[in-house]
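Below is one structure; the comments refer to it alone.
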Amino acid sequence: MLLPPSKILIVDNRVGASYALNTVLSQCGYQVSLLANPDKMIEALMQLGPDLVLLEEELPGICGGQLCRKIKSEQCLRHIRVMMYSRSMRLHDPDYVQAIGADAALRKPCPARELLAAIEQQLAVAH
């Protein structure tokens, strides 16, 4: 019996980068949704039920770390794996990554192979 494809939600206001990432992940068999407006994230999480969120740190009006904390503070959402994926220097600080509750963090840009390996690792934990 085949398992359904893992669902990934990309939260990033940089639409071009999101589309490129969507293409790569979709070609790898993932079901990908894009969200450019961080104000709609909780609603999207409830509707889509993703296995993993790729979350940009530097979003308009709010930082990704605040959104990560919100996800991890909600009983019905905390099971969702959150990977911070950003150019932000904050992601070099393991104390910061731990404090916001992120399950993993990668700095942009990184090789596609490295990103895919990190995603696979997070999804293995999720299932």
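The values are calculated or read from the model by the stated rules, or taken from the named source; none is laboratory data. Please read these numbers as outputs of a predicted model, since none were measured by experiment. Here Cβ is always computed from backbone atoms with ideal geometry, including for glycine, and neighbour counts include all displayed protein chains.
If I go through segment 97-109 residue by residue, how many of them are part of a loop (DSSP other than H, G, I, E, B) and surrounded by 12 or more Cβ atoms within 10 Å (Cβ to Cβ)?
Qualifying residue count for the region: 4.
When the residues of segment 23-51 are filtered to those that are polar (S, T, N, Q) and closer than 21 Å to Asp103 by Cβ, which remaining residue is farthest from the chain's Cα centre (by Cα)?
Checking each candidate, the answer is Gln31.
Considering only residues that are at negative phi and small (Gly, Ala, Ser), look in segment 1-37 and name the one that is surrounded by the most Cβ atoms within 10 Å (Cβ to Cβ).
Ser6
Given the criteria of a type outside the set (Val, Ile, Thr), surrounded by fewer than 21 Cβ atoms within 10 Å (Cβ to Cβ) and under 12 Å from the mean Cα position of the chain (by Cα), does Leu54 qualify?
Values: of a type outside the set (Val, Ile, Thr): yes; surrounded by fewer than 21 Cβ atoms within 10 Å (Cβ to Cβ): no; under 12 Å from the mean Cα position of the chain (by Cα): yes.
So Leu54 does not fit the description; no.
Restrict the check to segment 69-78 and report whether at least one residue is crowded, with 18+ Cβ neighbours inside 10 Å and in contact with an Asp or Glu (Cβ under 6 Å, 6 or more places away or on another chain).
No, there is no match, as no residue in segment 69-78 is crowded, with 18+ Cβ neighbours inside 10 Å and in contact with an Asp or Glu (Cβ under 6 Å, 6 or more places away or on another chain).
Would you pick out the residues in segment 71-87 that are closer than 19 Å to Leu34 by Cβ and either over 10 Å from the mean Cα position of the chain (by Cα) or at pLDDT below 95 (or both)?
Ile71, Leu77, Tyr85, Ser86, Arg87
On the given criteria, is Arg90 part of a helix (DSSP H, G or I), farther than 13 Å from Leu54 by Cβ, at pLDDT 95 or above and touching a helix residue (DSSP H, G or I) at 6+ places or on another chain (Cβ under 9 Å)?
Against the criterion (part of a helix (DSSP H, G or I), farther than 13 Å from Leu54 by Cβ, at pLDDT 95 or above and touching a helix residue (DSSP H, G or I) at 6+ places or on another chain (Cβ under 9 Å)), Arg90 does not qualify.
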